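What follows is a short report on a single structure.
The values are calculated or read from the model by the stated rules, or taken from the named source; none is laboratory data. Note that the structure is predicted; figures quoted are calculated from it, not measured. FYI the Cβ positions are ideal-geometry reconstructions off the backbone, even for glycines, and counts take in every protein chain you see.
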Amino acid sequence: MKKIVLLTCLALSATGCAATTEPSVRAYLHERKAFEELGKGHLAAAEADLKLALRDNPKEPSILNNMAYIKYKEGDDRKAIGYLEQARALRNNDNDEPYILNEARILIVRHRYRRALSLLSLIEPRRTWPKGYRKMLAKALIHNGQNAKAMAILLENHDETATSESSLSVSR
Amino acid sequence: MRSFSLYFGALFLFFLQPVEARALSSGSGAGDFLLPFSDDAAVAKDFQALAPPFLPWGPNTSGPFFTGTAEVEPVGSWYIEPFAYDYMTPGISASSLSMPMRLGVGLGHNLEFDTFLPLIQNWQGAAPSQGIDRSASHFGVGNTHFEVKWQLTSDGNVYLPFAMPAMALTFDFWIPSGQYQNLNPQDYGADQLGNGTYNEGVMFLLRKHVKPFMVYIQLGDIVENPAAVGPGYTFNNGTDQIPWNSGSVHMVDGNLTYYAGALEYVANTEWGAGGLLELYGETQSGTSLFFGPANAPAWSFLWIAPEVEITWPHAQKFSATWGAGVALPVTESNYPKTYTPMGTVTLYFNGPFGYRGM
């Protein structure tokens, strides 16, 4: 009887360990930890966790986005944009908006207005615009000499949605 | 104010040449305040680190028989759950097949309302040691049970053991709808379908997911109001009885504590297939919390119950969970050894927010 109980416990534990070490679960747990570290401003710890998460789930756009966030904070814009481009490629519907906006932010800060405008133009035909998009587009248009269109964008009556995914905004 | 700023800025832009606009919007010149947005560097403030998308795990399983679920049914969803517990007590040659029909409705605001209406088939076999020389059986309705469940917290992380578990309080009421008076001596107690008391209880429920396990705990206290009971009445330990030649008795039950816990292992999430090991016990003390010393006997028992479960079908709008098990006596005091085969099916009619704990 004792043997059966022991074997059952061992089997359950083994199965339990197997389940919690599923790559998607492991990536999720690392990503959560990294997000908490980001909230505390611990970039190095967050990066280490995100790298572990990426190893288990290289196709999760939010992991790539947060890696971009860290790279941007470290001043490595090229890598930051690279991560965001990957994230955008993985989301081929309206869910790519947070990544487009984040990439456009980097481009505007670095005065690469033409590229920022072409990126932001991807969202313009959509039925709803994410919150904050209108101003960014207008800004990009002005910097590209399109004042009249910027005015039209600012005055246009267009549906706006809040960002669908919960986020952590941190100033640089 | 925002609209005014936008309109004014737009109007201003209309009269500007591109070069002027660029100068005004990108630098920190004196005219910046006229535009409805800040300088370029401020754009970085909105760079967003994103929270990981929720990775759900909360299969719809049959769950334990005696331990409740801490999550409430979402608003718009409801379920019917017929149970069957066959309490077999070979020591006194008796069995009681209790078939509570549970109806659970999600009310919203973290509340759920449940009713339990039990149908009972009692059977009393020949027990010469107790002076019973032939068998008797009786069918009818037992005590009705109402419950309001209030969910306090949700599972914080279904993968981590020490994250916040789901917790709830339930407020329970029992109405003595089962027969307990005017008993027929020739039925040897089989015609008693309730204990005659109005009861009130408060329970604490906890559930924690740690994929692929779930842990359930239920602790509660039940106060049984005094009741007038007559000859032939069997107390709620199932053995002590008021003599047939006795008169009416003002019965006071002791305080009743309820404790149960279960460990569930889900082998297949989609099919809700798995097994449980459940512990369940009750203890009735010699004193009522509100009504003083009890004259009903004190007793207690602890049972262990291995159970299996499966979910089929498991469509989004409708699913059915099936469970079976047997409760076995571990220890008891002034309570007969009882063996209880059990079965249940729960028919879930899911609204837009799905089922509880998903």
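Before moving on, here are some points about what is shown:
- Only a single item in (1) over 20 Å from B:Ala51 (Cα atoms); (2) modelled with pLDDT under 85; (3) within 10 Å of chain B (Cβ to nearest Cβ) is not met by A:Glu160, and it is number (3).
- Single residue of the range B:113-171 satisfying the filter (hydroxyl-bearing (Ser, Thr, Tyr) and assigned to a strand (DSSP E or B)) that is nearest to the other protein chains (Cβ to nearest Cβ): B:Thr153
- Exclusive hit being of a type outside the set (Ser, Thr, Tyr), out of contact with any strand residue (DSSP E or B) (no Cβ under 8 Å at 6 or more places or on another chain) and on the phi < 0 side of the Ramachandran plot, set B:Gly194, B:Gly125, B:Gly178, B:Gly142: B:Gly194
- A:Tyr99 vs. criteria over 15 Å from B:Pro52 (Cα atoms), in contact (Cβ under 8 Å) with a residue 12 or more places away in the chain and not aliphatic (A, V, I, L, M): no
- The number of residues in the range B:305-358 that are buried (at least 22 other Cβ atoms within 10 Å of the Cβ) and among the basic types (Lys, Arg) comes to 1.
- The residues of the range B:330-358 that are over 17 Å from B:Leu97 (Cα atoms) and assigned to a strand (DSSP E or B), listed by number, are B:Val330, B:Thr331, B:Glu332, B:Ser333, B:Thr346, B:Leu347, B:Tyr348, B:Phe349, B:Gly351, B:Gly354.
- Lone qualifier among B:Ala23, B:Ala49, B:Ala42, B:Ala84 - being at pLDDT 90 or above and either outside any strand (DSSP E or B) or of a type outside the set (Asp, Glu) (or both): B:Ala84
- Screening the candidates B:Pro313, B:Pro341, B:Pro293, B:Pro352 for the property of being modelled with pLDDT under 95 and more than 23 Å from B:Asp114 (Cβ to Cβ) yields one hit, B:Pro313.
- Among the residues of the range B:233-264, those that are over 31 Å from the mean Cα position of the chain (by Cα) and either of a type in the set (A, V, I, L, M, F, W, C) or in a strand (DSSP E or B) (or both) comprise B:Gln241, B:Ile242, B:Trp244, B:Val249, B:His250.
- Residue identified as under 30 Å from A:Met67 (Cβ atoms), surrounded by 21 or more Cβ atoms within 10 Å (Cβ to Cβ) and of a type outside the set (S, T, N, Q) among B:Leu55, B:Leu50: B:Leu50
- The listed residues are B:Thr115, B:Thr153, B:Thr144, B:Thr69, and the only one of them that is buried (at least 20 other Cβ atoms within 10 Å of the Cβ), in contact (Cβ under 8 Å) with a residue 12 or more places away in the chain, β-branched (Val, Ile, Thr) and under 19 Å from B:Gly220 (Cβ atoms) turns out to be B:Thr69.
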